[in-house]
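One structure coming up, written as C-alpha cells, with questions to follow.
The values are calculated or read from the model by the stated rules, or taken from the named source; none is laboratory data. Because the structure is predicted, anything quoted here is derived from the model rather than measured. Note: ideal-geometry Cβ built from the backbone for every residue, glycine included; neighbour counts use all protein chains shown.
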Amino acid sequence: MSERRDGSILAADIGNISTRVILIDLVDGRYRLLARGETRSTGGFPSGDVNLGIQRACEQITEATGRKLVAPDGRILTPERADRSGVDQFVVTTSTGQTLRTVIIGLVPELSIASAIRATAGTYVQVVEQISLADARSEEDELNAIIHSRPDLIFIVGGVEAGADSPVMRLARLARTACNLLKGGRVPLVLYAGNSDLVDDIHDIFQGVTTVLVAENVRPTLDEEHLENAARQLARAFDERQDQRGAGFKQVGDMSRVGILPTAQSYNLIAGYLGQALEEDVLLVDIGSAVSTLSASVGGHVATVIRPDIGLGHSASLLHELTGDAAVARWLPFVPAHNQIRHYALNKALRPSTTPESIKGLFLEHGLLRAGIRALMDTARPLWAGRADMPADEPLPAFKRIIAAGSALTRTGNPGFNALLLLDSIQPTGVTELEADSFGILAVMGALAQVNPTAAVQLLDGMNLDRLGTAFSLSGKPTPERPAMRVKIRLESGGEAISHEVPGGHLWIYPLATGQRATVEVSVRGRGLQIGNKGRVKVQVEGGSAGLIFDARGRALPVAAEVRHRASQLPLWISEVTGDTPILIDPLWLVEGGEEGHVDTTPPPPSRRRKKAEAAQAVADKAAKAAKPARRGRRGKAEAAETPAEIEMPTDDELSLDDLRG
C-alpha cells in the first residue's frame, strides 16, 4: 500500500514543568507516532514565551527525523511542503495557568445547573458561586455574591427548548449588571447554553459589555443532556483567558487550528471512548506539578475531576495542607522529624522541578503522591455512584484498565515500581490491565480528536502506551505468610505450566514480556478471600514491561500502623516488584529525631539548658583538677595529685555540642 503524505500532525502539550511535542503521520495507511521531543517549559522567567519551549522540542524531532518543522520567524510550518518539511495540522493543549473562576447561573439546581457542572469536566474550571431560582437570597445579595467571587466566566443555563424564557432573562440581566459593575477590573466572559430561542436576546443584553459565547442547550428536554458543545465552548473560554496572560500563548494559539485547549479535556474524551469501545470500566489518572486529573468511565458514564490543589511540584504545599501529615506518614518507613513533611512540600513548591536526592526524600515524594491520588479518588467516588454520601470504604468499581500519566507515575525508572504506585494508591481488585502514558500521548488527544478523529482512534489503538502488565489483586484479609493465591501460568508458546503460591501480605511478579501471551488461572486460598468477586478466575493475558503482577496483600491494603513494621514491609514490597535488594532502613530512623549523623540544634528549655551547663561545668572542673601538676612536699618528693578513680561524662541526652561550645 502506498504511503500518503497529506495527513501529518504536530501536537504539543505545554505543562508547568515540561513541554512535549509529538509528530504523527500516515504510515501504510495508518496514523503512527513517528518522533517526539521534550524540554523544559518556557512560559515563566526568564523566557516568558511558551513558544520557545515548543521550538526546542521541535528541534529534537528535526534532529531525529531530518524534517524541518519551524520557520525562521518561529512559527510552525503549515501545511506540509513537497520536501516533507512542515505539517498539515498543528494542535496545542496546556495544563498551565490558573483555573477559570466560574459563576453558574441557572433555573433548577437538580437539572440545568447539575448539567452545567458536568459540562465543566475536562476544563480547568473552579465553580465559585451558583445562583438559581431556588436561591433564597435577595437580588442584591446575589449580585454581591457574583461581584465578590471575581469570576473569569459567567455560565448561564436554563430553560428546555421552547420552554421558560422570562426567568432565564431575569437571571441574564442580573449577570449583565454584575459585568457592568466589574468594568473597572477584568470583565468576565459569558457562556450561554440554555433555551436556544433566547440566543439573540442574550447577545443584545451583553452587547458592548463583554464577549458572549453560545453553546447548544445543555438540557434541551428534562430527560436529555447535551454537554459536548458546551465543553468545547468552555475550552474556548479557557483559551481566551490564556491569550490574556501573555507569555506567548496568543501567538501559539493563533498557529493552532482549534486554539489552545485544556489538557484535561483529553482525559475526559479518552475515558469516554475507551469505556464505550471496550464496554468496561476505565480509569485515567494524571498527577502533575500544579494540577492533577482523574477521569473514569463507570457503567458508560464519564466523570472527570480536576484538582488545582493536588500536585507534586507547584501545588505540593497545597496538597500537604489538603491531606495532612498522617496521610503521608502512613507511607514512610521512618519517623519524620517535626515539620519534615511540611518543609519537604514547601521546598517542592519553591523548586518544583527538583527530584528526591535521598532515600527519605524518595519516600516523602511517593507518600505525597499516594496521598494525592487517594484525595482524587475520594472526590471522584460520589460522581461514579451518583451519591454524595458515598462512604469511603465502599468497594471501587471493577476497573478493567487503569492508565497512568505524569512523570511521577511513569518515570520512576522501573516499570514494576510504576505499577506498585498505582496498586498502592488506587487499590483495584480482580484482574486489571495497567498502562502508562510515558510519551504524553493522551494529553493531546482532545485537540487531536477535533481536527482528525481517525488519527486519535488509531493512535490510541496502536502500541503507543507502555503496557505495564496485568495485575491480579485479592480482596479480603489474607493471613500473613500463609498461602493466599494459587497461580498456574501456561504460556501460549508451549512448555510446562508454571505453578506458584503467593503468601498473604506479599506480591509476586512473573516476567511475561510484552507481546507474549499466556493463560493464567488464579484461585484463592483462605476464608473470606476473593478475586473479582469470585474464588477462581481463568483469563488469557498479554505480558508487559512489568510482567504479570500477583497482589496477595488484600484490600483494604494492610499498611502497618507501627513504623518498625513499615520499615521492613514497604522496602519488601518495593523489592518484590522491582527485583532489587530491599532498602535497609537505619534503626536510628525509627526513633523520633533519630538520624545518622544528625545533630539536634534545637535550643532546649531554659531549665534543661541550665542542667546541661552545670553538668558540663562539673566535667570541666574535674578534668582541670586531674590535670594539675604534682605538688612537691618538704622533702622535694612529688605527691600524687587528687585524681578521681572515674570521671562520669554526661550522656548525649544531657549534653549537646552547643553546650560544650559555650
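Enumerate the pairs (first residue in the stretch 439-462 and closer than 16 Å to residue 260 by Cβ; second residue anywhere and of a type in the set (Ser, Thr, Tyr)) with beta-carbon separation below 6 Å, excluding pairs fewer than 6 apart on the same chain, so at least 6 apart or on different chains.
Final answer for the pair search is 443/93; 443/263; 443/266; 444/93; 445/266; 446/266; 447/93.
Identify, please: which residue in the stretch 174-206 is under 22 Å from residue 226 (Cβ atoms) and among the charged types (D, E, K, R) and is, among those, surrounded by the fewest Cβ atoms within 10 Å (Cβ to Cβ)?
So, considering only residues that are under 22 Å from residue 226 (Cβ atoms) and among the charged types (D, E, K, R), the one surrounded by the fewest Cβ atoms within 10 Å (Cβ to Cβ) is 200.
Shifting gears a bit: What residue, among those in the stretch 147-193 that are in a helix (DSSP H, G or I) and without any contact (Cβ under 8 Å) to a residue 12 or more places away in the chain, is farthest from residue 129 (Cα to Cα)? Break it down into steps so the answer makes sense when it comes.
Start the filter on the stretch 147-193 by keeping residues that are in a helix (DSSP H, G or I), which leaves 147-148, 166-181.
Going one step further and asking which of them are without any contact (Cβ under 8 Å) to a residue 12 or more places away in the chain, we end up with 148, 166, 170.
Values: 148: 10, 166: 22, 170: 17 Å.
Across the stretch 147-193, the extreme among qualifying residues is 166.
Looking at the stretch 261-274, can you tell me whether even one residue there is free of Cβ contacts under 8 Å to residues at least 12 places away in the same chain and farther than 30 Å from residue 69 by Cβ? Before you say what the answer is, go through the steps one by one.
Filtering the stretch 261-274 for residues free of Cβ contacts under 8 Å to residues at least 12 places away in the same chain gives none.
Within the stretch 261-274, not a single residue is free of Cβ contacts under 8 Å to residues at least 12 places away in the same chain and farther than 30 Å from residue 69 by Cβ.
Can you spot a residue in the stretch 221-237 that is crowded, with 24+ Cβ neighbours inside 10 Å and outside the structural domain of residue 193 (by TED's automatic domain parsing)?
No, every residue in the stretch 221-237 fails to be crowded, with 24+ Cβ neighbours inside 10 Å and outside the structural domain of residue 193 (by TED's automatic domain parsing).
Another question, if that's okay. Quick one: which residue in 519, 514 is without any contact (Cβ under 8 Å) to a residue 40 or more places away in the chain, surrounded by fewer than 19 Cβ atoms within 10 Å (Cβ to Cβ) and not assigned by TED's automatic domain parsing to the domain that holds residue 377? Working first, answer last.
Details: 514 fails: without any contact (Cβ under 8 Å) to a residue 40 or more places away in the chain.
None of the others qualify; the one that does is 519.
As an exercise: evaluate residue 143 against (1) surrounded by 18 or more Cβ atoms within 10 Å (Cβ to Cβ); (2) free of Cβ contacts under 8 Å to residues at least 60 places away in the same chain and give the number of the one condition it does not meet.
(1)
While we're looking at this one, here's another question. Please state which of the following conditions residue 273 fails to meet, knowing it meets all the rest: (1) aromatic (Phe, Trp, Tyr); (2) in contact with an Asp or Glu (Cβ under 9 Å, 6 or more places away or on another chain); (3) within 30 Å of residue 226 (Cα to Cα).
Status for residue 273: all satisfied but (2).
Please work out if residue 87 is more than 30 Å from residue 314 (Cβ to Cβ), of a type in the set (A, V, I, L, M) and in contact with a Leu (Cβ under 6 Å, 6 or more places away or on another chain). Before you say what the answer is, go through the steps one by one.
Numbers: more than 30 Å from residue 314 (Cβ to Cβ): yes; of a type in the set (A, V, I, L, M): yes; in contact with a Leu (Cβ under 6 Å, 6 or more places away or on another chain): yes.
Spelling it out, residue 87 is indeed more than 30 Å from residue 314 (Cβ to Cβ), of a type in the set (A, V, I, L, M) and in contact with a Leu (Cβ under 6 Å, 6 or more places away or on another chain).
Could you count how many residues in the stretch 408-441 are surrounded by fewer than 20 Cβ atoms within 10 Å (Cβ to Cβ) and assigned to a helix (DSSP H, G or I)?
1
Could you grab me the full set of residues in the stretch 442-463 that are touching a strand residue (DSSP E or B) at 6+ places or on another chain (Cβ under 6 Å), under 17 Å from residue 34 (Cα atoms) and surrounded by fewer than 20 Cβ atoms within 10 Å (Cβ to Cβ)?
Correct list: 458 only.
For the stretch 245-339, give me every one of the helices (runs of 4 or more DSSP H) that falls completely inside it and has 1 or more residues that are more than 23 Å from residue 362 (Cβ to Cβ).
Details: elements: 249-255, 263-278, 316-329.
The helices (runs of 4 or more DSSP H) meeting that bar are 249-255, 263-278.
To continue, here is another question. What residue, among those in the stretch 242-294 that are surrounded by 24 or more Cβ atoms within 10 Å (Cβ to Cβ) and among the aromatic types (Phe, Trp, Tyr), is nearest to residue 441 (Cα to Cα)?
Per the criteria, the residue is 267.
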